[in-house]
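Have a look at the structure below before the remarks.
Each value in this text was obtained by applying a stated rule to the coordinates, not by laboratory testing. What you see is a predicted model; the values in this text were computed from it and never measured. Cβ: placed from backbone, ideal geometry, glycine included. Neighbour counts: every protein chain shown.
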Amino acid sequence: MKNDVDLSKLMGQCGEWLRGSGPESDIVISSRIRLARNLADFPFIRRCTEQDRANIERTLVEKLESVSELRDALYLNVARLKSVDRQFLVERQLISREHADAQGARSVAIDAHEEFSVMVNEEDHLRIQLMKSGLDLEAAWDQINRIDDIIESQVTYAFHEQLGYLTACPTNVGTGMRVSVMLHLPALVITRQIDKVFRSLQKISLAVRGLYGEGSQAMGDFYQISNQVTLGRTEANLIQQVKEMVPLLIAYERRAREFLMRESPKDLHDRVSRAYGILCTAQTISSEETMHLLSSVRMGVNLGLIENLEIFTLNQLFIQTQPAHLQKIRGAELDTADRNIERATYLQQHLRKGNYGENPKSN
């Protein structure tokens, strides 16, 4: 286990879910599958002693490091990381907020390409997650299923013949599976259709969460759609449930964008141009405002209103302008005011370069 790790290596690369290269990636940012697992020989985390947690971590890390497919992963002792480093991993979607903020022995194994991570001692003993760019749930399931089988060959999971995998939260009992897709839905927000759409999703037991999952807000018009219950459902059922709804959401968003282009092109162009202009010239800017403005610019690029600006670049800026990333880039702790100044400078450097972007198209 590496305790004092320089995370700058991760800074210099782009995680799989940010590539913007997968199917339907103009609207679907990423597909993610997460599996919750527990060891049969230990109590659930909430009933664990500190010694139990330490024993679980030691057992799992030893087993994970012995698996050839996971040998090249980066292993981090989360408990020993600085607060800014834990937040950095949250911003990159590699660990959950709960994992970052918890107490006691806990760790994470991260794939070199940031496709998957394995959290040890989160809500469950193991949380395995895998992310793919765009809408690619089948590929995500095939890969995470192989990883799960490999780990299960090394340890004994808590499993009941009738109930399935046993988990700390009753809603995860069964497959222990959470299938989620992250979508960028700015046009549905602008046309005020988003609440109606999400009320419909909740009626069929699909949860709607923000950028960082449960309890988070929908910053930058990003929403995660996922199943709520796993008991009595197979993995194929859960994937199909989400897979059937996502194309409808994509279609709704595309129709909303077409409506804006057709019925109020000047207002739309003005929104995109103003957003781009502020991002390129602001001297100080908050994280929340940045996300909101980048959302408009990202939609503008996909609608052809801005040339020579890559979606890949914008996807990175959504993350690199988050508080922990800015502090890692700067190499120093920054208070809110200094972060806002640093963020504005960083945006100017990356949006005003000739190879990153030029002025929005005029009508």
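Of note:
- Qualifying trypsin sites (Lys or Arg not before Pro) for region 170-201 [loop in DSSP, other Cβ within 10 Å: at most 10]: 192
- Rg over Rh [alpha-carbon atoms, Kirkwood Rh] for region 139-246: 1.03
- For the cross-link pairs 63/132; 9/132; 243/266; 9/243, the ones whose C-alpha atoms lie over 31 Å apart are 243/266; 9/243.
- Dipole of the chain, positive end: most advanced residue of 165, 153, 247 [Cβ charges, Cα centre]: 247
- Only Lys, Arg, Asp and Glu carry charge here, each on its Cβ (+1 for the first two, -1 for the last two); on that basis region 8-257 has a dipole of about 840 debye about its Cα centre.
- In this simple spin-label model, placing a label point 7 Å from the Cα along the Cα-to-Cβ direction at both residue 156 and residue 11 gives a separation of 4.6 nm.
- Region 17-33 - phi-based ³J(HN,Hα) in whole Hz, Karplus 6.51/-1.76/1.60, Gly and Pro as x: 6, 9, 5, x, 10, x, x, 6, 6, 5, 10, 8, 6, 7, 10, 9, 10
- A DSSP coil position with no more than 16 other Cβ atoms inside 10 Å describes the following trypsin sites (Lys or Arg not before Pro) in region 14-113: 71, 82.
- Qualifying GluC sites (Glu not before Pro) for region 259-317 [loop in DSSP, other Cβ within 10 Å: at most 16]: 307, 310
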